[in-house]
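Chemist: This is the structure I want to talk about, given as structure tokens.
The values are calculated or read from the model by the stated rules, or taken from the named source; none is laboratory data. Just so you know, these numbers come straight off a predicted model, no measurement behind them. With ideal geometry, Cβ positions are generated from the backbone for all residues, glycine too; neighbour counts draw on all protein chains shown.
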Amino acid sequence: MTQKIELSKEELNKEYFVRGLVPEWDSKVKEFAKTSQQKRKEAKKYENIPYGKNPRQVLDIILPKHVLKNAPVLLFFHGGYWRMMDKSEFSFIASAMETSNAITILANYRLLPDFNFDQIIEDSNEALSWVFKNIDEYQGDSNNVFVCGHSAGAQLAASAVVNSSKEVAGFIGISGVYDLQPIKNCFLNDIKFLNDELVSQYAAKKLVPKYNCPALFVYGDKESNEFVRQSEDQASFWTHSNSHAKCVKIKSSNHATIIEQLGNPKSEMYKLFQTIIKIKDK
């Protein structure tokens, strides 16, 4: 486990200000959105399927061109520090998943500041529950569901795995934020969405399954020290809970480009994915 060093608010601000760490962040997100729009045009899909009553409580399901019965399933939660971004910006990841006959599901969820942190966590739980109950109608295998998230979405994905009444086949956390204490102490909490009680309730050390759930934690070699620590520490917590966990540094990747690899079946990221999701290329 990485030694945790107490940082000042100013230091934490630098560690978690993504646009400062990745100057091309906005242009990359626009690129993601454009690529995703093209993917949705050509893909067999079901959009904005509700798993709750709020307009943000919806899912997109993207099927492989020739989906086979009992296909593996990947449920993805986008990042955005629980307050921004949209599932539609990440449809491009289905391009890699479909090469292994995997169904891609992208979840939206309610956002800060209109909704509180408990409600957002509840949405991640409900989204996964919907998948387990309904994915067989789309030829997916409810016994072969993998949950993935990027940045704050990794925290939501891990929460869904831990709170699920049914065992998840595997977890993938991409440059995740699991320890909420530094988030509470930096500029991200200027809207006061976190307090000591919530930080304790959703502590990273509690964010581990009670069953053996294989996990992959990845981060870029151009991430800040805090993002590195977050992944390495959570992998350690996961391993101590008797689950197999692997933590890998991805070369030439920052907080944006690491998620870009998710849609490329030839990337190091996707090859690592295959070690967890255990599905073979066609």
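Chemist: Take the conditions aromatic (Phe, Trp, Tyr), part of a strand (DSSP E or B), within 15 Å of residue 48 (Cα to Cα) and within 12 Å of the chain's Cα centre (by Cα) and apply them to residue 146. Does it pass? First the steps, then the outcome.
Modeler: Details: aromatic (Phe, Trp, Tyr): yes; part of a strand (DSSP E or B): yes; within 15 Å of residue 48 (Cα to Cα): no; within 12 Å of the chain's Cα centre (by Cα): yes.
Answer is no for this residue.
Chemist: Across segment 204-241, what is the number of residues that are within 19 Å of residue 25 (Cα to Cα), charged (D, E, K, R) and out of contact with any strand residue (DSSP E or B) (no Cβ under 9 Å at 6 or more places or on another chain)?
Modeler: Residues that pass the stated criteria total 2.
Chemist: I've got another one for you. Just name the residue that is modelled with the lowest pLDDT out of those in segment 177-214 that are within 25 Å of residue 148 (Cβ to Cβ) and among the β-branched types (Val, Ile, Thr).
Modeler: Selected residue: 208.
Chemist: Say we look at segment 158-213 and pick out the residues that are of a type in the set (S, T, N, Q) and under 17 Å from residue 79 (Cα atoms); which of these is surrounded by the fewest Cβ atoms within 10 Å (Cβ to Cβ)? First the steps, then the outcome.
Modeler: Keep residues of segment 158-213 that are of a type in the set (S, T, N, Q), which gives 159, 163-165, 175, 181, 185, 189, 195, 200-201, 212.
Imposing the further condition that a residue be under 17 Å from residue 79 (Cα atoms) reduces the set to 159, 175, 189.
Working: 159: 24, 175: 29, 189: 17.
Here the residue is 189.
Chemist: Does any residue in segment 9-24 that is farther than 16 Å from residue 219 by Cα come within less than 7 Å, Cβ to Cβ, of a residue that is surrounded by 15 or more Cβ atoms within 10 Å (Cβ to Cβ) and of a type in the set (S, T, N, Q) six or more places away or on a different chain, and which pairs are these?
Modeler: 9/185; 12/185
Chemist: Could you tell me whether residue 65 is under 20 Å from the mean Cα position of the chain (by Cα), among the basic types (Lys, Arg) and under 24 Å from residue 274 (Cα atoms)? Steps first, please.
Modeler: Numbers: under 20 Å from the mean Cα position of the chain (by Cα): no; among the basic types (Lys, Arg): yes; under 24 Å from residue 274 (Cα atoms): yes.
No.
Chemist: Does residue 79 satisfy the condition of being outside any strand (DSSP E or B), in contact with a helix residue (DSSP H, G or I) (Cβ under 8 Å, 6 or more places away or on another chain) and not hydroxyl-bearing (Ser, Thr, Tyr)? Explain how you work it out, then say what you get.
Modeler: Details: outside any strand (DSSP E or B): yes; in contact with a helix residue (DSSP H, G or I) (Cβ under 8 Å, 6 or more places away or on another chain): yes; not hydroxyl-bearing (Ser, Thr, Tyr): yes.
Here the answer is yes, as residue 79 does meet what is asked.
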